[in-house]
Amino acid sequence: MNDTITHSPVRSDTEIAELGQQLRVDSVRAAKAAGSGHPTSSMSAADIMAVLLARHLRYDFRHPELPGNDHLILSKGHASPLLYSAYKAAGAISDDELLTFRKRGSRLEGHPTPRLPWVDVATGSLGQGLPIGVGVALAGARLDHLPYRTWVLCGDSEMAEGSVWEAMEAAGAEHLDHLTLIVDVNRLGQRGPTRHGWDLDAYARRIRAFGWHTVEIDGHDVAAIDQAMTEARSHQGAPTAIIARTRKGRGVAAVEDKEGKHGKPVADPDDAIRELGGERHLRVEVQAPPEAEQPARGGGDPHTALPRYATGGDPVATRTAFGETLAALGSLHDDVVVLDGEVGDSTKAQLFADAHPERYFECYIAEQQLIGAAVGFGVCGFTPFAATFAAFLTRAHDFLRMAAVSRSRINVVGTHAGVAIGEDGPSQMALEDLAMMRSVHGSTVLYPCDANQAVQLLTAMPDRPGISYLRATRGNTPVIYGPGDAFPVGGSKVLRSHPDDQVTLIGAGVTVHEALAAADQLVADGIRARVLDLYSVKPVDTQALRTAAEATGRFVIAEDHHPEGGLADAVMESFGNGYPAPRHTRLAVHTMPGSATPAEQLADAGIDASSIAQAARTLVEVGR
């Protein structure tokens, strides 16, 4: 048996079949070494991976940064032993490293992450590979005009995920003919058969309905796989889905097409390896990518002015400042792209579309696709802003969570937050978004109270690592800061302060203005109140909070959010661990709102100026 498959267009089907067997053996070996893993899910797709690696993928593993490299996204991330075995066959990792699978400190984690330079995004939460692949394909086809192909390998179980069909519709509507989805239809999910089993036509009918080209094949027939991939590469005007009938655990009688074998090492791995023909150490020379110029980015008009709003002038909604700033950022930086959830006229992202239509992508009402595509654009080096109503970002929380695992840098803006939106009622009110976004690993969470502050915070977001979130208000608010004021991330602003302060009023966004009005009311009672604008909810300004606690000993924290996980929790996390917490009152939205005016909503929730002032009076009286 040869130990190398050479780079040649006449590589035989027999050699590639041997490579497929090697990928199965190495998947079994990796799971054996780890004592865990998903070898049977890897074995079903081994022939598909072998053909892709040997004949169709264009990739330089020594230079993963090359712009012409194809993108391969393993959406069925639990089949990571297959991916790592392919990396070994390509010479990217050694056999010794393969056997570190799932061990502490290994790059070969249970599900792939970008700790490996050849992995674009973390996978394993099923249904995310294709939505992200759509973003990668859009970036190459619409903006960079690069020749790469995006390959997504998914399992049949994840075809039940709604996010897959959001991506199907987006890709079909955009005619992304450089995108190929391979569906590994091995019939068995985690607990038993999948919904459609081996009914390939059931999948094909549905996929074609979204404007895709489909090819149905035997996923263990090397010639058929090769022909299907060739057809996908040549088909124009629509993305292609290769729907491959496979057998889970292929090649080992004890597990092949057997229920109850998911997510477990093969019981007798040495016997399984012998049954598969023994260890092999074939090497495949993956074809080099086509020559391509690295897209020139980072330009723009440096003379573009950011919006400036007159202090004390007409009130301005922070969503309006967002839209106007976004349009300016698009002129300053040619790598900024904006993705909209079909609410651009309300979020004011439409202002970017008017100025830079080629970099504006309408995702329609498909929030998972919205965030998935943003991650995909980030993979390709763009600076994405994804915007929709804050309430509807909850649908995409898992995509945001996984974006953090992927070490993605994306910017998310949620507008129409809180009860302050008024008459639309609770279905439109984001009252959970601060908690949701604060819980994302490494995230930045910002909540401006006026237009000039919004400008400064938005311009800071692209330089932040990880996921940055800005919460914007629907209604107009007073402009209380000057256009030259600075708002560093992690900071805060003290708006009222006196040596005789008895209480600190803490707000963010709309409640800053209520806190200022409450401070004015308290003066008549002989109570001096410090007012702290905590615009950076994460990271929070611990030092300013501790200074205020030492000075006043009392906090009233008012937030247009549910009491769990929002502003007050961010504040109080600055205390503890031996640092004394101040006496405090939390004002938040405890009841289910109805329809009412914005002012009535704030009053009904107990977060308006009068409620803040009364809470402060009570705190001061109790402390006397």
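Some notes on this structure:
- Solvent-free Debye scattering, log10 I(q)/I(0), computed from the Cα coordinates of the chain at q = 0.06 Å⁻¹: -0.38
- Hydrodynamic estimate: the Kirkwood radius of segment 365-503 over Cα pairs, inserted into Stokes-Einstein at 25 °C and 0.890 mPa s, corresponds to D of 153 µm²/s.
- Cα shape, segment 320-431, gyration tensor, a/c 1.5 rule: oblate
- The distance separating the Cα centre of segment 183-255 from that of segment 47-66 comes to 20 Å.
- Once exposed loop GluC sites (Glu not before Pro) are cut out (DSSP; at most 11 other Cβ, 10 Å), longest piece of the chain: 294-624
- Shape call, segment 539-624: gyration tensor on alpha carbons, a/c limit 1.5: oblate
- Gyration tensor (Cα) of segment 427-583, equivalent ellipsoid semi-axes in angstrom: 24, 19, 15
- Evaluated with a Cβ-only charge set (Lys, Arg +1; Asp, Glu -1), the chain carries a dipole of roughly 1420 debye about its Cα centre, given to the nearest 20.
- 3J(HN,Hα) along segment 193-210: x, 6, 4, 9, x, 9, 7, 4, 5, 4, 5, 4, 4, 5, 5, 4, 4, 9 Hz, from the Karplus curve 6.51 cos²θ - 1.76 cosθ + 1.60 with θ = phi - 60°, whole Hz, x for Gly and Pro.
- Tensor-based shape of segment 160-226 (alpha-carbon gyration tensor, a/c under 1.5 rounded, otherwise prolate or oblate): oblate
- Taking the charge dipole of the chain about its Cα centre, with +1 at Lys and Arg Cβ atoms and -1 at Asp and Glu Cβ atoms, the residue from G372, P239, V121 reaching farthest to the positive side is V121.
Laboratory data are not the source of any read-out in this text; all were calculated from the coordinates shown. This one's a predicted model, so the numbers in the text were calculated from it and none came from an experiment. All Cβ positions, even for glycine, are placed from backbone atoms using ideal geometry, and neighbour counts span all protein chains on display.
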